[in-house]
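First up is the structure itself, then whatever we jot down about it.
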Amino acid sequence: MTAAPPGAEIAEPTTVGDPTPYPTATLAPTPMPTPPPVESLPSMAFEVELFYGERWMRVHQTVDLTNHSRSVWEEVVFSVPLHYNQGAFLLDALEVTVGEDVLTELPGWENQTILRVPLPRPAQPGEPIHLDFRYRVLIPPIEKTSWPPQGTTGWTPEVIQAGEWYPSLVPYNEDEGWQTWLYHPVGDPTAYPLVNVDLTVWAEDGIVIASGGPIDGLGGYPGLGVDGGWHFRVERARGIALYASPFYEVAIDEQYHVPIYSYYFRDHPEAGQAALEIARNSIDLFERLYGPYPYTTLSVVENGFFGGMEYTELVSVTDYAYATYPGEPPSILHALTAHEVAHQWWYGAVGNHQAREPWLDETIAFYSEVLYLEEYAPEGVDWWWRVRVDQYSPEGPVNASPTDYRSSSTFIVYTYGQSARFMRGLRERIGDEDFFNFLRNYYIRYQWQMVTAEDFFSTLREHTDADYGDLVELYFQDLNIDVSSRQ
Ligand SMILES: [Zn+2]
């Protein structure tokens, strides 16, 4: 996630440097992990009737999961961030099945967004569980200037955007059980285990639906089937989203090894085409820097709020960046698109608990913006540091909690800005070769897992003899882990 800078103007290039090639350091012998088999993951299927003109959706959602833990489960726990908005999410019915036993009972809410669903009887290890939700989503109005997370689910005159609108499983581990958190509307306070998603959307004629995943384009648009329904499937997904607008057009690159779809409002064709190219360049670069693109396709979607947001195989970028696109780099469109695409590696493949340790994915995604400019528009690097970091005079720790802040905008510009300064300092201290080797190996080692600060720093420690303790001291608080470099 990120946000556009208010009033950021595009500066004349101040320096024109030769692009410095990134070191092609040899990979340390960390084997690529085998992805978790798709059939081992929970699956969620959505049938959505979208009433675009009336701005609401009727949803039938099923969830199938197996108790893969060693414990007996009495409940399954979901997070519904949208329920934080009073009246926006209305749960009409819920049926839970374990074996022959069925429970139809509406559970209560815990802290507004957590839904603890009791099972009709305890589920033993290895037992499958089936849930059947029926609910309505009343899309709230938002402003084009709304920041995440408030802006990510809502309507504007151009678009309906549905981000964190559905019951999503919370992470589970043996030590802690179901991991819940107090929803605080700052940053992107969510956490997603891997799931497979099938999404079908029915909407009025003329409404274009964008979501992630391989495409059934038989109806003339990506996702539109000959039956008139919009079909999407995403495997090993974190979050999913759908965007709907009568104004979308789509630019497609199906020749690239990752098919890319760029959805843009029809009065922004040049920026829409640019977004497609920036996304392709981003995948090219990040595959070299981090490792293989972890998913099958990518959709880049123009949104109607003030920022960008990542979902699996779909990223959205503020229409502000499209409307102000100057025709060449550097631009906010370049920065935000590169940032959101980088999240497919950091958030998607390498997951983290975004409500507890949001810096883990955001630090690398935000720093990926300047890595993009170093590669493709080095004359824009000074502009980036000024417009994306220094103009906000960021302060405070990189690893602040969203609950430390009352304002999402301050949280984002402060923690992201400080994270970029930390990454710059770290890279200068340990050198490019060790820096990029660290990122590659960190990516490979933790693909398809949820990382913690301990994982980040223990991997870093293996990649350098340099002492970076003072940088950690300067930019982090209360880590309570050993971050010293190896001796
Ligand atoms: Zn981000």
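Figures for the structure shown
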item: Long-range HN-HN contacts of Tyr311 with modeled amide H, under 5 Å; result: Ser316
item: Sum of side-chain charges, Pro167 neighbourhood, beta-carbon under 14 Å (Lys, Arg +1; Asp, Glu -1); result: -4
item: Test item: Cα-centred dipole of the range 214-331, Lys/Arg +1 and Asp/Glu -1 on Cβ, debye; result: 320 debye
item: Sum of -39500 (n - 2.57) over DSSP H runs of 4+, divided by residues of the chain (222 nm, nearest 500); result: -7500 deg cm²/dmol
item: Alpha-carbon gyration tensor eigenvalues x 5, square-rooted, for the range 354-445, Å; result: 22, 18, 11
item: Square roots of five times the Cα gyration tensor eigenvalues for the chain, Å; result: 34, 28, 21
item: Segment Glu49-Glu473, length gained on full extension (0.36 nm per residue, minus Cα span); result: 147.5 nm
item: Euclidean distance of C-alpha centroids, the range 213-252 and the range 300-341, integer Å; result: 19 Å
item: Spin-label model distance (nm) - Glu143 vs Met32, 7 Å beyond Cα toward Cβ; result: 4.7 nm
item: Residues listed by number, the range 365-404, amide nitrogen under 18 Å from Glu328 label point at 7 Å toward C-beta; result: 373-384
item: Rounded Å value of the spacing that divides the Cα centres of the range 435-486 and the range 170-201; result: 24 Å
item: Extension gain, Glu100 back to Asp205 (0.36 nm per residue minus Cα-Cα distance, nm); result: 33.7 nm
item: Cα-centre dipole for the chain with unit charges at Cβ (Lys and Arg positive, Asp and Glu negative), debye to 20; result: 360 debye
item: Inter-site label distance for Asp64 and Gln391 at 7 Å from Cα along Cβ, in nm; result: 5.1 nm
item: Virtual spin-label span in nm between Glu174 and Ala466, 7 Å along Cα→Cβ; result: 3.8 nm
item: Among 271-282, 93-104, 251-262, the order from most to least packed when residues are scored by Cβ within 10 Å on average; result: 271-282, 251-262, 93-104
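Just so you know, all these numbers are worked out from the coordinates, no wet-lab data involved. Being a predicted model, the structure only gives us computed values, none of them experimental. No Cβ is skipped: glycine too gets one built from the backbone with ideal geometry, and neighbour counts run over all protein chains shown.
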